[in-house]
Amino acid sequence: MARKRPKQPPTLGHGRHERVSKTLPSASSTEPALAVKGRGRLASLTGVSEALGADLAPKKALQMILEAAHRTTRASSASLMLIQPGTDILQVKVAEGFHSDSIFKTRLRVGQGVTGWVAETGVPLRIGNVSKDTRYVRVQKGLRSEMAVPLKLRGQVIGVISVDSTRLNHFSAEDEELLVSLAAHSARLIESTRRLVLARRRTKELQFLTRAGHELAASLNQQQVLETLASMTAEQLRAPLAAVFLLNKEGTSLELGAAAGRLANERDWPEFPVADSLLSRGFESPAEVLDIPDLSLEASGDAARSAFLTAGFAAAAVVPLSAQQKPMGVLLVLRRKQRALGSEKRRVLAGLAATGSLALENACVHRRMLETEEQLRKSEKSSLLVELAGALSHEIRNPLTSLKILFESLTGSQSWTEDQLEDQQMMRRQIERLEQIVESYLESSRAHATIREPKPLDLNAVIDESLLLLATSAHEGTRLMCELADGELPATGDPMQLSQAVYNLVLNALQAVAQLNPNGRGRVEIRSGRVDRNGVPDESRIFFEVADDGPGLAPEVQAHLFEPFVTTKREGVGLGLSIVKRIVLAHGGELTVESPRKDIGRGVRFRVTLPGRERALA
C-alpha cells in the first residue's frame, strides 16, 4: 500500500503555500526560473533602497522592511523588534503571519531568546530546528525554524529582523545573505525616517514657541502674561495642571500667580516657603527643567510636596523663571501618573519658561516705567507749584514792603485815639503775618532748588530711563536718535531731578519738531559724553545734549527763555525750562542754548554740563 504524502502546513502572513512540483524541471528550464526568482528577491532590496529618499511615516517604513523580509525569505511569519531608547528592552514594532495581535505584547531583554542573543552579539543566527536550541522562546505553535539578523547603525545594534518557518531547515545561507543585506539597507531607512520625524517635531516645537512668544509679548499686563503662560503650558504638554509661582518682594515665599488645565479649579494652595522646597530647587540650575517622576520620594517636610500629593498628583516638573540672572518665580507642571517627562516636553517647557521670563520682565519694566512716570508727574507738579508760589511770593513781597513803609510813615505823622491805635496795631500784625507767609514760600522755593537726595549715579542710565518714559510721546515718523558715551558717566546728584530735566528737554524737542513737521518727519538727537579739553576728554566734566530740527527760537524768546511763564506754545505754561535751569544750577552745572543750530541752520540745541563724580564729591 502506497504511503500518503504528509499534508504540508500552510505558511502565515500573506496566506500563500509552498508548492512542490511532482516532476523535476530540466536544467534549461531551471536557470530562467532561478533568474526570475533572484530578480524578485533583489527587487525587495531595491524597493527599500529607493525608499531612503522618500517621505515615509515610521510605521510605514518598518512595514515595508518587514514585507521585504517576509517575501524575500518565503517565511511563514516575520517580526521586527527595536531596542527602546535608554533601555535594554526589545519591543515588536511590526509583525506578519502571526495568529493574534498578542505578538505585539512581546518584550525581550537584550540577551534573552534567539532575538535577544542576536541583539547582544550583533551576529546573524540561523536555526534549522528551534526545538533543539535552548535559546528559543516560543511565541506561536507550529514554528520549526528561525533566522534573525541584527539591524546595525554605525556599528551599534538598534533592533533585530526575525523570520520563522513551519518547515525544518527552511532558511538557506543565501536567505541569510539577502536578509543581512536587507537589514543594512533597512537600518539606514529607519535612521532617515527617524531624522525626518525629529525634524518635523522640532519644526512644530519652534512654530509653537514662536506663537507663544508672540502671544506672551502682546501684553504688558503682568497678570495676563501669567495666565497666558500657564494656559499655553497646560495645552502643549497636555498636563492636568500647569501653574506659575512668583517670588514675593522679600524673596522668602512663592505665591501662586496663575494656573491652567482641567484640574486648575481644584487646587487650594497657600503660598509655599522658598527654603527647603522642591519648587526652589529649580533655582539651583537656571534654564534647566527639574523633573520629579515620583513626588512621594521628596522630603516629607516639604509643604509643596504634601499639597501636591494631597491633591492627587504623583509627578512634577519645575523650571525657573528669571530675568538678568535673578529668579522671579517658577513654572510648574503636575501629572497624575508617576513617570518622567519626555525629552521633547522638557525642551518645550524650557522654551516656554525662557519666553515667559522675557514677557514677565517686559511687563515688570512697563509697570516700573508707569510708576516712574507717575512719580515724575507728581514731582513736576510739585515743582510747578513751588515755582509758582515762589514767583507769586516774590511779586507780592515788593508791594507789601512798600505798603509797610507807607503805613509806618502815616501812623507816625500825627496823634491817634486809643481805638485807632488798636486798629493800627492790628494792621501791623497782619502785615507782619503776610511777610512771614511770603517769606516761607520763598524759603520753600529756595529749598526745593537744592539736591534733595544726592547720591552716585550714571548719567547714561538716567537718560535711558527718561527716554523710556518718552517712547510713546514721539509722533509717528519722528526719528529719535540716541548716541551715548561708552560705559558709565559717573556723577553725584538727585537721579529723579536729573531725569526730570532730561524729560523736559526731550519733550520740548519732540513738540518743536511736531510744530514744524505735522507729518512727524522730524529728528531729535540725544548725545552724552565728557567735555573735550584741547582734544582730551575731561573726566571732571560731563555733558548731555538735546537737539532738534524744528523751527528754532526767536531772539526775543531766547532773551527770557529760562524765566517762568515764558513759552512759545499755545497751551504751554512756561515753567518747564525754568525748572530745568533750576535743577542744573542746583547740581553745580550749566545750561546753554544754541538756536539756530550751527550745523543745519535751524532748530535748537540745549547742552547741560555737569561736574563728574570726583569733582562733585570734592
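A few points about this structure:
Let's see how each residue does on (1) crowded, with 21+ Cβ neighbours inside 10 Å; (2) at pLDDT 85 or above; (3) in a helix (DSSP H, G or I):
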residue: L256; (1), (2), (3): no, yes, no
residue: N265; (1), (2), (3): no, no, yes
residue: L278; (1), (2), (3): yes, yes, no
residue: P286; (1), (2), (3): no, no, no
residue: G301; (1), (2), (3): no, no, no
residue: V319; (1), (2), (3): yes, yes, no
residue: L331; (1), (2), (3): yes, yes, no
residue: K337; (1), (2), (3): no, yes, no
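- Residue check for R433: open to solvent by 60 Å² or more (accessible area, probe 1.4 Å), touching an Asp or Glu at 6+ places or on another chain (Cβ under 8 Å) and modelled with pLDDT under 80: no
- With a requirement of 1 or more residues that are buried (at least 17 other Cβ atoms within 10 Å of the Cβ) and at pLDDT below 80, none of the strands (runs of 3 or more DSSP E) lying completely within the stretch 529-618 satisfies it.
- Pair list, Cβ under 7 Å, 6 or more apart: the stretch 213-229 residue within 17 Å of G261 (Cα to Cα) and part of a loop (DSSP other than H, G, I, E, B), other residue open to solvent by less than 80 Å² (accessible area, probe 1.4 Å) and acidic (D, E): none
- Among (1) farther than 30 Å from E344 by Cβ; (2) over 24 Å from the mean Cα position of the chain (by Cα) - the single one I190 does not satisfy: (1)
- If you filter the stretch 182-205 down to residues that are buried (at least 21 other Cβ atoms within 10 Å of the Cβ) and hydroxyl-bearing (S, T, Y), you find that the one that is modelled with the highest pLDDT is S186.
- Hey, L241 crowded, with 16+ Cβ neighbours inside 10 Å and touching a residue at least 24 places away in the same chain (Cβ under 8 Å) or not: yes
- The sole residue among F171, F208 that is touching a residue at least 24 places away in the same chain (Cβ under 8 Å), among the aromatic types (F, W, Y) and out of contact with any Asp or Glu (no Cβ under 9 Å at 6 or more places or on another chain) is F208.
The values are calculated or read from the model by the stated rules, or taken from the named source; none is laboratory data. Everything numeric in this text was worked out from a predicted model, so none of it was measured. Positions of Cβ are backbone-derived with ideal geometry, glycine not excepted, and every protein chain shown enters the neighbour counts. Side chains are part of the model used for accessible areas, which takes the heavy atoms of the whole protein and leaves out ligands, DNA and RNA. Shrake-Rupley method; radii C 1.70, N 1.55, O 1.52, S 1.80 Å.
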